[in-house]
1. So, in nm, how far is label residue 190 from label residue 27 when the simple model puts each one 7 Å beyond its Cα toward the Cβ?
2. Leaving out ligands, DNA and RNA, what percent of the accessible area of the chain is carbon and sulfur, probe 1.4 Å?
3. Using θ = phi - 60° and the Karplus relation 6.51 cos²θ - 1.76 cosθ + 1.60, list the HN-Hα couplings for region 291-296 in order, rounded to whole Hz, with x at every Gly or Pro.
4. Taking K and R as +1 and D and E as -1, what net charge do the other residues with C-beta under 12 Å from the C-beta of residue 60 add up to?
5. To the nearest 500 deg cm²/dmol, what mean residue ellipticity at 222 nm is calculated for the chain from DSSP H runs of n ≥ 4 alone, each contributing -39,500 (n - 2.57), summed and divided by the residues?
6. Taking the Cα centre of the chain as the origin, how large is its charge dipole in debye, to the nearest 20, when only Lys and Arg (+1) and Asp and Glu (-1) carry charge on their Cβ atoms?
7. Can you list the residues, at least 5 places off or on another chain, whose amide H is less than 5 Å from the amide H of residue 106, using H built in the peptide plane?
8. Could you list which residues have their amide H under 5 Å from that of residue 42, counting only those 5 or more apart in sequence or on another chain, with H placed in the peptide plane?
Amino acid sequence: MSLVTSTEMFKKAYAGGYAVGAFNVNNMEIVQGITEACKEEKAPVILQVSKGARAYANHTYLVKLVEAAVIECPEIPIVLHLDHGPDFETCKSCIDGGFTSVMIDASSKPFAENIEITKKVVEYAHDHGVVVEAELGTLAGVEDDVKVSAADSSYTRPEEVEEFVAKTGCDSLAIAIGTSHGAYKFTPDQCTRNEKGILVPPPLRFDVLEEVSKRLPGFPIVLHGSSSVPQEYVKMVNEHGGKMPDAVGIPEEQLRKAATLSVCKINIDSDLRLTMTGTIRQFFDEHPDKFDPREYLKPARANIKETVRHKLRDVLGCAGKA
Ligand code: G3H
Ligand code: 13P
Ligand code: ZN
């Protein structure tokens, strides 16, 4: 199988009440960890590349790594997606350069300008057989070094979605319902604490999601900022020289619920970063004499695989759906 677009994937996910995982990739070990889990669990997958990933690893290396995964995993459909495309030129470069899906993120622009930029990307992408994700509403958190404070974030306004989709022709829509980028999604004072003292974040705005879905029946919705920030990895980081106090994510059961509704794509990056960093910190702590990168990248890749397997089976519900 060669790279595919997400069109069929989303149709099946919507009808089947599950979501496809969209995992950010920056190097070979991350690509391998994700796709080995998806292959074993027979899950469709979206491998996504940010502007920062292209700057770090180089467009060609990332495309070739993903093409290698396609060869190694012929039994599962794989999408290569641009995450948070900042402008038309970046989207065009990815469309021309082998991606099957792009996101144009003009969500920080006024509504009319967001429509105008998104429409331009959609026209070029569709002419080249590529699909487009757009965004309405603003998430809090950090992406590509752009910080959006909780005060500046805003939920998607359901009354805008029909006009936006009709005028742009986008293929999927990312919305803001309370998720947030990074490992510090909420400040402690936005949360309550459970009996173990663990921070419990405010619930997602399912009322907004339901209103959007009512206005866009059958249309695939995307959730960004959907890492759950597993506390076992936060602990591992903190016990081995790291300092990540009060890191908190989106509870898994809320993502599971979103996946049964109209959410067809769920974006996860921070959880893989935490998995990799916790594992490598522990390794260095326990083996101060080791210096062969293969020795610490091997357990990091193995743990990324297990983190992804857990997501596929227990959060996204897409295991066995390839
Ligand atoms: O939403 C942002 C993703 O986590 C990608 O992060 O821009 O640091 O590569 P990055
Ligand atoms: P997290 O930071 O929650 O993993 O979100 C990733 C994301 O939305 C990538 O676009
Ligand atoms: Zn995102």
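1. 3.0 nm
2. Values: 7480 of 14210 Å².
With neighbouring chains kept in place, the figure for the chain is 53 percent.
3. Per-residue couplings from phi come out as 9, 7, x, 5, 5, 9 Hz.
4. On the way: positive: 54, 64; negative: 67.
Net charge around residue 60: +1.
5. Theoretical 222 nm ellipticity from helices: -13500 deg cm²/dmol.
6. Working: 36 positive and 47 negative charges, 103 e Å.
For this selection, approximately 500 debye.
7. Counting only residues 5 or more places away or on other chains, the set is 135.
8. 320
The values are calculated or read from the model by the stated rules, or taken from the named source; none is laboratory data. Since this is a predicted model, take the numbers as computed values, not measurements. No Cβ is skipped: glycine too gets one built from the backbone with ideal geometry, and neighbour counts run over all protein chains shown. Ligands, DNA and RNA are excluded from the accessible area calculation, which covers all protein heavy atoms including side chains. Shrake-Rupley method; radii C 1.70, N 1.55, O 1.52, S 1.80 Å.
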